[in-house]
Amino acid sequence: MTSLSQGAAISVKDVHVQYRMNLQKNPTLKNTIVRLGRRERTVRVFEALDGVSFDVPHGKVMGVIGANGAGKSTLMRTVAGILAPSQGRIEVNGRVSTLLALGVGFNSALSGRENVTLGGLAAGLSRAEIKEKYAEISAFAEIEDFMDMPMRTYSSGMYSRLAFAVAVNMDPDILIIDEALSAGDAHFKKKASDKMAELVSKARTMLVVSHALGTIKELCDEAIWLHKGKLIRRGEPDEIIAAYTKFLQVGEDAITLEDF
């Protein structure tokens, strides 16, 4: 692995992620020939991330905020290694555990027990280590009676609880979370919040996306604000949240992003 920025667990350098979108809703051979004859473009390049750069020091919690379509989930998947950047570089130093959108990383045809094993192996644990942690994960998720049933039979809440239990109990050096703390009932939300606080007390590095700004303020050491794929601002959570909420109240047409 190439050298990271000094003291950084995660280093994101000038990262671009581009998607190619077909402009033809119902492409036909005739339409394609006509467009080629007119030299019209049939593919649009969408910049989901546009030159994003930041570091997350070891033992720090970085929050990521922004409106829908800002590029938050794309960023998390790129840092997690699920998406490859079109340009730029991402370097990660440590064992990574991810908790992304519902369904990412699990095979719904397999049982909860089998998915725990797959999740542990993906996190770099041995089968012996996974076996030691299985009881803890199952108890945390509170779905013991369903652990040997296919996950396609799970409710969304059960799915989310097991995903959270796997992610936080794999002794990760780095935890990547995308809108996962809102899953579950009040009891499980409190349990999840306590577990996150425990991980923070153990100086785990985290990258957290959440629309719950109170969570960002309470949990994070720093925050970044993304808008249409660009990093607008980075700083203390209170400062970034204040700028972001002001932007939401006033609107993009009334005030330029440079004002922030």
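A compact table of results
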{"read-out": "Scope region 120-129; condition within 24 Å of the chain's Cα centre (by Cα) and either in a loop (DSSP other than H, G, I, E, B) or of a type in the set (A, V, I, L, M) (or both); matching residues", "value": "L121, A122, A123, G124, L125"}
{"read-out": "Residue match in region 145-152 (condition: in contact with a strand residue (DSSP E or B) (Cβ under 8 Å, 6 or more places away or on another chain) and either at positive phi or among the β-branched types (V, I, T) (or both))", "value": "no"}
{"read-out": "Looking only at region 214-228, and only at residues there that are in a strand (DSSP E or B) and of a type outside the set (A, V, I, L, M, F, W, C), the one that is farthest from L175 (Cα to Cα)", "value": "H227"}
{"read-out": "Only listed residue being more than 15 Å from the chain's Cα centre (by Cα), among the basic types (K, R) and either farther than 24 Å from A67 by Cβ or surrounded by fewer than 14 Cβ atoms within 10 Å (Cβ to Cβ) (or both), chosen from K217, K189", "value": "K189"}
{"read-out": "In region 84-101, the residues that are among the hydrophobic types (A, V, I, L, M, F, W, C), crowded, with 17+ Cβ neighbours inside 10 Å and closer than 14 Å to T74 by Cα", "value": "I90, L99, L100"}
{"read-out": "Members of region 130-156 that are in a helix (DSSP H, G or I) and surrounded by 15 or more Cβ atoms within 10 Å (Cβ to Cβ)", "value": "I130, K133, Y134, I137, S138, F140, A141, F146, M151"}
{"read-out": "Of the criteria (1) modelled with pLDDT of 85 or more; (2) surrounded by fewer than 16 Cβ atoms within 10 Å (Cβ to Cβ), which one G37 fails", "value": "(1)"}
{"read-out": "Cβ-Cβ under 7 Å pairs, at least 6 apart or on other chains, region 135-146 side under 13 Å from S111 (Cβ atoms) and among the aromatic types (F, W, Y), far side assigned to a helix (DSSP H, G or I) and at pLDDT 90 or above", "value": "F146/G112"}
{"read-out": "Count of region 165-186 residues which are outside any loop (DSSP other than H, G, I, E, B), in contact with a strand residue (DSSP E or B) (Cβ under 6 Å, 6 or more places away or on another chain) and not β-branched (V, I, T)", "value": "3"}
{"read-out": "Candidates G69, G51 - the one that is exposed (fewer than 14 other Cβ atoms within 10 Å of the Cβ), within 21 Å of W225 (Cα to Cα) and either modelled with pLDDT of 75 or more or not small (G, A, S) (or both)", "value": "G69"}
{"read-out": "Test: residue in region 72-86 that is farther than 20 Å from E222 by Cβ, at pLDDT 80 or above, more than 14 Å from the chain's Cα centre (by Cα) and part of a strand (DSSP E or B)", "value": "no"}
{"read-out": "Test: residue in region 237-246 that is among the aromatic types (F, W, Y), surrounded by 12 or more Cβ atoms within 10 Å (Cβ to Cβ) and within 17 Å of the chain's Cα centre (by Cα)", "value": "no"}
{"read-out": "Single match in R234, R161 (criterion: assigned to a helix (DSSP H, G or I) and either in contact with a Lys or Arg (Cβ under 9 Å, 6 or more places away or on another chain) or among the charged types (D, E, K, R) (or both))", "value": "R161"}
{"read-out": "Tally of residues being more than 23 Å from D171 (Cα to Cα), aliphatic (A, V, I, L, M) and out of contact with any Phe, Trp or Tyr (no Cβ under 6 Å at 6 or more places or on another chain) across region 56-74", "value": "2"}
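The values are calculated or read from the model by the stated rules, or taken from the named source; none is laboratory data. Model, not experiment: these values are computed from the prediction. Quick reminder, even Gly has a Cβ in these numbers, built from the backbone with ideal geometry, and neighbours come from all protein chains shown.
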